[in-house]
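The values are calculated or read from the model by the stated rules, or taken from the named source; none is laboratory data. All of these numbers come straight from a predicted model, not from anything done at the bench. Neighbour counts are summed over all protein chains in view; Cβ atoms, including those assigned to glycine, are modelled from backbone coordinates with ideal geometry.
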Amino acid sequence: MGAETTFRAIVIDKTTDADGHDTQGAALRVVDDTFLMPGDVTIAVEYSSLNFKDGMAVSGKPGVARVWPLIAGIDLAGVVESSADSRWTPGDEVILNGSGIGENHHGGFAERARVSGAALVRRPTGISAAQSAAIGTAGFTAMLAMLALERGGVTPGSGDVLVTGAAGGLGSVAIAVLSAHGYRVVASTGRVDELGDYLRELGAADVIERDTFGEPGKPLQSQRWAGAIDSVGSVTLANVLAQTQYGGVVASCGLAQGADLPTTVVPFILRAVSLIGINSVEAPLSLREEAWRRLATDLDLGLLDGMTTMIPLEGVLAAAGDILDGKLHGRTVVDVRA
Ligand SMILES: NC(=O)c1ccc[n+]([C@@H]2O[C@H](COP(=O)([O-])OP(=O)(O)OC[C@H]3O[C@@H](n4cnc5c(N)ncnc54)[C@H](OP(=O)(O)O)[C@@H]3O)[C@@H](O)[C@H]2O)c1
């Protein structure tokens, strides 16, 4: 194996101690092409991004990594080096979000990747590789959620749209694309003082304290939202459903507060509220391509650049804890070659 095939990667491994307890840890390692998993497209990775899920995996939390050792990173942007998939040829600029990378297949926190060509999307003209990573799974999911609101009949004239987990990656992109599309957006955050101006610059018309959703409430409350994009789950989502107006649509994307949902059927049967699940990982190719087409037209790249922080590959090890602790905001891009 020649030296040119070695590359750096953030690798998650699992060890089992004498008592049978599993510990998962991540480290920056130098590996070579024999480490890669089977796939029909080999990619020179340029950028990845740090998502909440990556924070969990790299911090040793269970539920994301399902095979070990595993290169972490649920996103990648790069250039095709070789391909046995007729859709792709060397030099093509591609994006991959989810589809199992960073979970059961080696992911984007590495200088090289070998993946299935089936879920790759061609990088839209006008969006740089770094910007496509800045959008990443969080931004792609925000667009899937906006598409779900549109399909549910929520228009800018329907009323206010709430975004919870507003200062996070998914929330930040959701605010930008919704407001660009003419929706009046209300941002719910735990960081009103620190990040209120940031959220208004993204396009939020109002910024409210997330604590207002934090305690269990009545199953029906005053009707405030025509739609909502929720990253938070748990009691917050239950209260959002209770405040959604007749016929409104809520897109459930995440579980930053918790995976539980302590609600009743009342908002559904008395207010005809729709709760739509969003799954970016297994989104079919046609939906991936539609979402990326819409991101290319609807997302202001200046706003995207303003919400983006760039870190080198090794920086992932410290930033993983920070995203779980709610210390980051917007999107964190990983320059895997730095
Ligand atoms: N369904 C999918 O396919 C999909 C795709 C991407 C992400 N997700 C999920 O969506 C969520 C957001 O992902 P992300 O990458 O945007 O993460 P992120 O950047 O860490 O954003 C999460 C935000 O949630 C808020 N938050 C955190 N802890 C909270 C708590 N205990 N109670 C209430 N709010 C809390 C914070 O916003 P404020 O500081 O503004 O309060 C935080 O910035 C995660 O649960 C992730 O797993 C799902």
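Residues that are without any contact (Cβ under 8 Å) to a residue 40 or more places away in the chain and in contact with a Ser or Thr (Cβ under 9 Å, 6 or more places away or on another chain) within the stretch 167-182 comprise just one, 182. Residues of the stretch 113-138 that are buried (at least 24 other Cβ atoms within 10 Å of the Cβ) and outside any helix (DSSP H, G or I): 113, 115, 120.
Regarding residue 286, is this residue within 16 Å of the ligand (Cβ to nearest atom) and at pLDDT 95 or above? Spell out how you get there, then give the answer.
On the way: within 16 Å of the ligand (Cβ to nearest atom): no; at pLDDT 95 or above: yes.
Against the criterion (within 16 Å of the ligand (Cβ to nearest atom) and at pLDDT 95 or above), residue 286 does not qualify.
Counting only strands (runs of 3 or more DSSP E) that fall entirely inside the stretch 2-108 and contain at least 2 residues that are more than 19 Å from the chain's Cα centre (by Cα), the qualifying elements are 7-16, 22-31, 41-50, 75-83.
Only a single criterion out of (1) touching a residue at least 40 places away in the same chain (Cβ under 8 Å); (2) more than 9 Å from the ligand (Cβ to nearest atom) is not satisfied by residue 254, namely (2).
Looking at the stretch 171-190, which of the residues that are part of a strand (DSSP E or B) and surrounded by 24 or more Cβ atoms within 10 Å (Cβ to Cβ) is nearest to the ligand (Cβ to nearest atom)?
Filtering the stretch 171-190 for residues part of a strand (DSSP E or B) gives 185-189.
This time we only want the ones that are surrounded by 24 or more Cβ atoms within 10 Å (Cβ to Cβ), so: 185, 187-189.
Numbers: 185: 13, 187: 7, 188: 7, 189: 3 Å.
Only one residue tops the list, namely 189.
Based on what the data block shows, is residue 173 within 21 Å of residue 302 (Cα to Cα) and touching a Phe, Trp or Tyr at 6+ places or on another chain (Cβ under 9 Å)? Yes: the conditions hold for residue 173.
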